[in-house]
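Only one structure is covered here, and it is reproduced in the block below.
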Amino acid sequence: MKSICGLVVLFFVMLPHAAAYDPLDPTGNITIKWDVVSWTADGYVASVTMSNFQMYRSIVSPGWTLGWQWAKKEVIWSMVGAQTTEQGDCSKFKGNVPHCCLRKPVVVDLLPGVPYNQQFSNCCKAGVVSAWGQDPSSSVSAFQVSVGVAGTSNKTVKLPMNFTLLGPGLGYTCGPAKVVPSTVYLTADYRRKTQALMTWNVTCTYSQFLAAKNPKCCVSFSSFYNQTITPCPKCACGCQNKNNCVVSDSKQAHKKGINTPRKDNAPLLQCTHHMCPIRVHWHVKLNYKDYWRVKIAVTNFNYRMNYTQWTLVAQHPNLNAVTQVFSFDYKPLVPYEAINDTGMFYGMKFYNDLLMEAGPQGNVQSEVLLRKNKDTFTFRHGWAFPRKVYFNGDECLLPPPDAYPFLPNSAKVNSITISTMVVSALLFLFIIS
């Protein structure tokens with residue numbers, strides 16, 4: 001009994017860490033690095049850099065929100081490239097008033113177009129951060145913070161605690177701050193190295209189980225060899241929004257202001273049997289001698305949300321032989337060197353990298369040409385359909401395997417055809433004789 005109880009306790013201790021593990025992106029995380037660049041009379045100035053090392057999970061609008069708890073009674077004198085959402089009670093300060101006096105400050109990115117003196121490198125993108133695999137140059141966000149009533153040396157500084165990250169919703173869990181070797185910088189002429197006075201890192205990982213109790217997308221299937229269309233499962237994303245959905249052709253769907261987002265990011269979905277914000281449709285379109293062709297369509301059913309820099313990840317054994325992708329950009333994902341069965345599709349810049357809200361423009365689509373591997377290729381048993389599908393880093397719900405479009409039993413047809421030909425030949429010889 002004691003051993004069983006011990007195993008149960010161990011399971012619950014390990015569960016939060018296991019839930020944040022993504023098998024298709026095992027090393028993906030968001031690292032928040034604090035570099036102390038100078039000491040002040042009562043504290044320090046730090047450069048804070050948020051790097052998204054996730055291959056296909058970006059932070060979309062309305063952007064990231066970062067929070068922490070001070071170890072002592074620190075205040076924020078000023079910020080460049082970001083701001084706190086509240087100032088708090090700074091009444092005890094005379095003369096210069098701090099930017100924020102809260103014990104638990106909450107920080108957001110600035111909007112594009114702010115005055116130049118408020119900007120910092122890699123700031124002011126409304127909190128939108130690209131995935132590392134999609135656009136490394138846009139996968140960083142940064143700001144500068146001046147901290148007061150704090151330590152003024154490496155020995156007296158107390159690291160902030162209890163970091164939280166919304167990106168933009170729930171799902172991220174942040175570990176404790178850890179002191180690491182100081183960041184090294186190169187001067188503009190690349191001839192001299194300087195380094196931060198002190199550096200600490202905070203690592204945040206994503207768990208879909210923490211983000212939402214239901215999936216955020218679903219997948220439907222169809223094929224050229226079967227007229228049956230396999231839809232998304234019923235209530236695939238939960239039916240809690242069923243009473244507040246909008247019929248596509250109703251007057252409400254064309255009502256002014258229907259596309260205005262809410263502060264709580266609550267969706268307004270089009271009425272469907274699956275009630276998902278996003279549906280991915282995989283259609284096996286054509287079969288050639290040495291190739292086969294798939295059409296992929298992504299449809300948005302949320303009237304209050306458009307998706308900037310969206311990503312679509314699929315796992316299929318034949319993605320190791322992609323010949324051409326026609327209207328999306330494509331990048332293979334190889335988390336394990338020996339296996340090449342996963343790829344990321346994303347929109348072409350300034351063409352279809354924005355998935356509009358629900359309506360006539362709320363879809364993007366492309367076709368994929370794949371080369372056959374004659375040793376493994378088949379249309380039987382649902383082989384032509386993906387094993388996993390992710391949209392914007394969240395796994396989509398697939399139909400049950402027994403509902404996949406099945407391949408007609410051509411063997412029986414062939415046997416009937418052959419027997420008919422034999423009978424006809426015998427009959428013809430009989431007539432001649």
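Note on the chain: dipole from Cβ charges, positive end direction compared against Thr323, Cys218, Gly88; the farthest Cα belongs to Gly88. Evaluated on the chain, the Kirkwood hydrodynamic radius is 25.2 Å, with distances taken between all distinct Cα atoms. In straight-distance terms, cross-link reach from Lys193 covers every one of the lysines whose alpha-carbon lies under 20 Å from its own, apart from those fewer than eight places away in the same chain; here that gives Lys33.
Put Arg380, Arg293 in order of accessible area, largest first, 1.4 Å probe: what do you get? Don't skip to the end; give the middle numbers.
On the way: Arg380 105, Arg293 45 Å².
Descending order: Arg380, Arg293.
For the chain, what does the helix formula give at 222 nm: sum of -39500 (n - 2.57) over DSSP H segments with n ≥ 4, over the residue count, nearest 500 deg cm²/dmol?
Values: 3 runs with 45 residues, N = 433.
Using -39500 (n - 2.57) per qualifying helix, the result is -3500 deg cm²/dmol.
Note on region 196-240: Cα-only Rg and Dmax are 20.3, 67 Å. Taking a virtual spin label 7 Å from the Cα of Lys295 along the C-beta vector, which residues in region 337-370 bring their backbone nitrogen under 18 Å of it? Output list for this probe position: 360-370. Can you find, among Asn306, Tyr346, Trp292, the residue sitting farthest towards the positive end of the charge dipole of region 252-350, where Lys and Arg contribute +1 and Asp and Glu -1 at Cβ? Among Asn306, Tyr346, Trp292, the one farthest towards the positive end of the dipole of region 252-350 is Asn306.
Kindly state, as a whole number, the per residue volume in cubic angstrom of the convex hull around the alpha carbon atoms of region 21-73.
Working: hull volume 6.5 nm³, N = 53.
For region 21-73, the hull spanned by Cα atoms encloses 123 Å³ per residue.
Angle of helix 410-432 to the longest C-alpha principal axis of the chain, folded into 0 to 90 degrees and rounded to 10: 20°. Rounded to whole numbers, the Karplus 3J(HN,Hα) couplings from phi for region 201-210 are 10, 10, 10, 10, 10, 9, 10, 5, 5, 7 Hz, using 6.51 cos²θ - 1.76 cosθ + 1.60 with θ = phi - 60°, and x at Gly and Pro.
The Cα center of region 218-232 and the Cα center of region 335-382 differ in position by 16 Å. The slack between Ile339 and Ala41, meaning 0.36 nm per residue of separation minus the straight C-alpha distance, is 101.8 nm. Taking 7 Å steps out from each Cα toward its Cβ at Lys285 and Lys193 produces label points 5.2 nm apart. Per the Debye formula on identical point scatterers at the alpha carbon atoms of region 27-180, with no solvent, log10 I(q)/I(0) at q = 0.11, 0.15, 0.16, 0.17 Å⁻¹ is -0.42, -0.79, -0.89, -1.01.
Distance between the modelled labels on Ala266 and Gln227, one decimal in nanometres: 4.4 nm (7 Å Cα→Cβ projection).
Taking each residue as 0.36 nm, the span from Thr164 to Val106 lengthens on full extension beyond its C-alpha to C-alpha distance by 20.0 nm.
Using a 1.4 Å probe on the protein heavy atoms, what percent of the accessible area of the chain belongs to carbon and sulfur? With neighbouring chains kept in place, the figure for the chain is 59 percent. Taking 8 Å as the Cα distance limit and 6 or more residues as the minimum spacing, I'd like the relative contact order of region 218-297 as a percentage. That works out to 38 percent. Only bridges with both residues in region 155-297 count here: give the DSSP antiparallel percent, nearest 5. Approximately 70 percent, going by the DSSP bridge assignments.
When the dipole is taken about the Cα centre of region 34-107, and only Lys, Arg (+1) and Asp, Glu (-1) are charged at their Cβ, what size is it in debye, to the nearest 20?
Values: 7 positive and 5 negative charges, 39 e Å.
In debye, rounded to 20, region 34-107 gives about 180.
Taken over the C-alpha atoms, region 183-283 has Rg and Dmax values of 23.5, 68 angstrom.
Across all C-alpha atoms in region 130-238, the radius of gyration and Dmax reach 22.8, 72 Å. Annotation for Thr308 and Ser250: the two label points, set 7 Å from Cα along the Cα-Cβ direction, are 3.1 nm apart.
Restricting to the chain, compute how many DSSP beta bridges are antiparallel as a %, nearest 5.
On the way: 94 of 103 bridges.
About 90 percent, rounded to the nearest 5.
Mind checking the dipole of region 87-166: about its Cα centre, +1 per Lys or Arg Cβ, -1 per Asp or Glu Cβ, Debye to the nearest 20?
Working: 7 positive and 3 negative charges, 93 e Å.
Charge dipole, region 87-166, about its Cα centre: 440 debye, nearest 20.
Per residue, the chain exposes 55 Å² of solvent-accessible protein surface, assessed with a 1.4 angstrom probe and all protein chains in place.
The Ser121 and Thr376 beta-carbon pair, evaluated with R₀ = 60 Å, returns a calculated FRET efficiency of approximately 0.80.
For Lys388, list the lysines whose Cα falls under 17 Å from its own Cα; do not include residues on the same chain fewer than 8 positions away. Of all the lysines, those that pass the test against Lys388 - Cα under 17 Å, at least 8 places apart if same chain - are Lys216, Lys295, Lys331.
Seen against the Cα atoms of the chain and their longest principal axis, helix 2-19 is set at about 90 degrees. Let me check against my output: what whole-number percent is the relative contact order of the chain, with C-alpha pairs under 8 Å and at least 6 apart? The value is 14 percent.
In a simple Cβ point-charge model (Lys, Arg +1; Asp, Glu -1; nothing else charged), the chain has a dipole of about 440 debye relative to its Cα centre. Projected onto the charge dipole of region 33-159 (+1 at Lys/Arg Cβ, -1 at Asp/Glu Cβ, origin at the Cα centre), which of Phe143, Asn154, Trp34 gives the Cα projection farthest towards the positive end? Highest projection toward the positive end goes to Asn154.
The values are calculated or read from the model by the stated rules, or taken from the named source; none is laboratory data. Owing to the predicted nature of the structure, the values given are computational and were not obtained by experimental measurement. In this analysis, Cβ positions are derived from the backbone assuming ideal geometry, glycine residues included, and neighbour counts consider all displayed protein chains. To get the accessible areas, we keep the full protein, side chains included, count just its heavy atoms, and leave off ligands, DNA and RNA. Shrake-Rupley method; radii C 1.70, N 1.55, O 1.52, S 1.80 Å.
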